[in-house]
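Here, each number is a calculation from the coordinates, and none is a lab measurement. The model shown is predicted, which means the values in this text are computed figures rather than measured ones. Virtual Cβ from ideal backbone geometry, glycine too; neighbours counted across all protein chains shown.
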Amino acid sequence: MDAWLSDFIAAEGLPADFADSARAICGPLADRIAARTRAPGFIVGVCGTQASGKSTLTAVLRAMLEARGLAVASLSLDDLYLTHAERETLGREVHPLLVTRGVPGTHDVALGVRILDGLGRPGETLLPAFDKAADDRKPEGVPVAGPVDVILFEGWCVGAVAQADVAAPVNALERDLDPDGRWRTFVNAALAGPYQDLFARIDLLVLLQAPSFEVVLAWRREQEAKLRSRLAHEGGDLKRAMTDDQVADFIAHYERLTRHILAEMPGRADVVVVLDEQRRPKA
């Protein structure tokens with residue numbers, strides 16, 4: 001095993017067999033990106049459900065690209081969240097569910113466009129960072145000198161397209177908290193509009209395809225169980241971790257679009273990595 005990959009696995013607390021997945025996915029992908037990079041600002045979109053491992057794999061992919069001599073910048077869709085105050089305004093003026101970050105309509109799309117465009121040009125671009133514990137954007141950003149060769153842009157709905165019809169609720173949250181469809185209509189319209197301008201900048205779209213939404217829910221519960229265990233070991237505040245019921249309530253916000261992505265995106269993504277229930281690549 002490469003020393004840097006071994007160190008990465010140890011630092012992240014990952015299983016040893018993660019190295020096999022990293023090589024199977026990131027090695028060929030890094031070769032493909034390096035072969036296609038002809039001008040600065042080549043944008044790779046990485047779409048993956050919650051808890052699919054996209055952030056971890058993106059970090060490995062970045063290391064492999066840098067080992068090939070490329071200048072790389074990473075941007076997470078999560079770091080483009082609107083501030084808490086901005087989402088509270090949406091909650092008052094449009095729908096209370098928009099206070100919860102995550103769905104289209106809760107990101108600063110214009111900021112994302114400026115960042116992706118700026119990283120491909122000479123000069124300094126400030127990358128935002130979001131503090132999930134505080135549920136707000138951090139006041140300071142991270143300066144990156146451009147132009148960079150490759151931009152890795154990852155997020156749970158990166159590259160997604162709108163649905164034709166959102167009238168029928170898909171779960172209890174939509175049925176009980178959005179009975180008139182105002183929230184899901186707003187989300188779908190945002191995805192059909194400003195987000196497509198952002199996603200149109202993607203040169204290569206990669207999908208980490210989970211087996212099903214039900215598996216995603218199990219993955220997300222596993223994440224929170226690990227967090228609870230770590231907090232208990234460290235004497236931290238257990239309220240920082242969600243219970244299984246809270247995870248189910250939270251992920252219900254993303255069920256509609258997650259199911260749509262898993263059904264629709266495999267037919268048009270440039271690269272589809274089919275994952276099994278242990279997040280290992282099947283194909």
Q: Sort out for me the Cα centre separation of segment 183-243 from segment 92-123, rounded to whole Å.
A: 16
Q: Round to the nearest 0.05 the FRET efficiency obtained for VAL271 and VAL113 when R0 = 22 Å and r is the Cβ-Cβ distance.
A: 0.40
Q | the chain: relative contact order as a whole-number percent, Cα under 8 Å and 6+ apart | A | 24
Q: Any chance you could run the full-extension gain for VAL99 through ARG175? It's 0.36 nm times the residue separation minus the Cα-Cα distance, nm to one decimal.
A: 25.6 nm
Q) What's the local net charge at ALA34, with K and R +1, D and E -1, over the other residues with C-beta under 14 Å away? A) +1
Q: Quote the relative contact order of segment 32-168 in percent (integer), defining contacts as alpha-carbon pairs under 8 Å separated by 6+ residues.
A: 39
Q: Mind putting together the pair-distance distribution for segment 76-135? All Cα pairs, 10 Å bins, whole percent per bin, short to long.
A: 23, 46, 23, 7, 0
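With charges only on Cβ, +1 for K and R and -1 for D and E, what is the dipole size of segment 3-274 about its Cα centre, in debye, rounded to 20? Could the numbers behind the result be given before it?
Numbers: 29 positive and 38 negative charges, 91 e Å.
Charge dipole, segment 3-274, about its Cα centre: 440 debye, nearest 20.
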Q) Using the beta-carbon distance between SER6 and THR243 and R0 = 35 Å, what value does 1/(1 + (r/R0)^6) give for FRET efficiency, to the nearest 0.05? A) 0.50
Q: Please give the length that would be gained between ARG32 and ALA59 if that part of the chain were fully extended, namely 0.36 nm times their separation in residues minus their C-alpha to C-alpha distance (nm, one decimal).
A: 8.1 nm
Q. Considering only DSSP beta bridges whose two residues both sit in segment 3-274, what percent are antiparallel, to the nearest 5?
A. 30
**Q.** Cα pair count fraction exceeding 37 Å, expressed as % - the chain
**A.** 11
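Give the shape of segment 15-64 as rounded, prolate or oblate, defined through the alpha-carbon gyration tensor: a ≥ b ≥ c are the square roots of its eigenvalues, a/c under 1.5 means rounded, and otherwise the shape is prolate if a/b is larger than b/c and oblate if not.
Oblate.
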(Q) Please state the shape class of segment 102-207: rounded when a/c is under 1.5, otherwise prolate if a/b exceeds b/c and oblate if not, all from the C-alpha gyration tensor. (A) prolate
Q) Which of ASP79, ASP31, ASP149 moves most in a GNM of the chain, Cα contacts under 10 Å? A) ASP31
Q. Of the residues HIS84, HIS95, HIS233, which exhibits the maximal mean-square fluctuation in a Gaussian network model of the chain defined by a 10 Å Cα contact cut-off?
A. HIS233
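Between ASP165 and GLU214, what is 0.36 nm times their sequence separation minus the Cα-Cα distance? Round to one decimal in nm. Before the final figure, lay out the partial values.
On the way: separation 49, 0.36 × 49 = 17.64 nm, distance 2.23 nm.
Stretched fully, the ASP165-GLU214 segment lengthens by 15.4 nm.
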(Q) Which one, SER74, SER52, SER229, has the greatest fluctuation when you compute a Gaussian network model over the chain with C-alpha springs under 10 angstrom? (A) SER229
Q: Could you list which residues have their amide H under 5 Å from that of ALA71, counting only those 5 or more apart in sequence or on another chain, with H placed in the peptide plane?
A: ASP149, VAL150
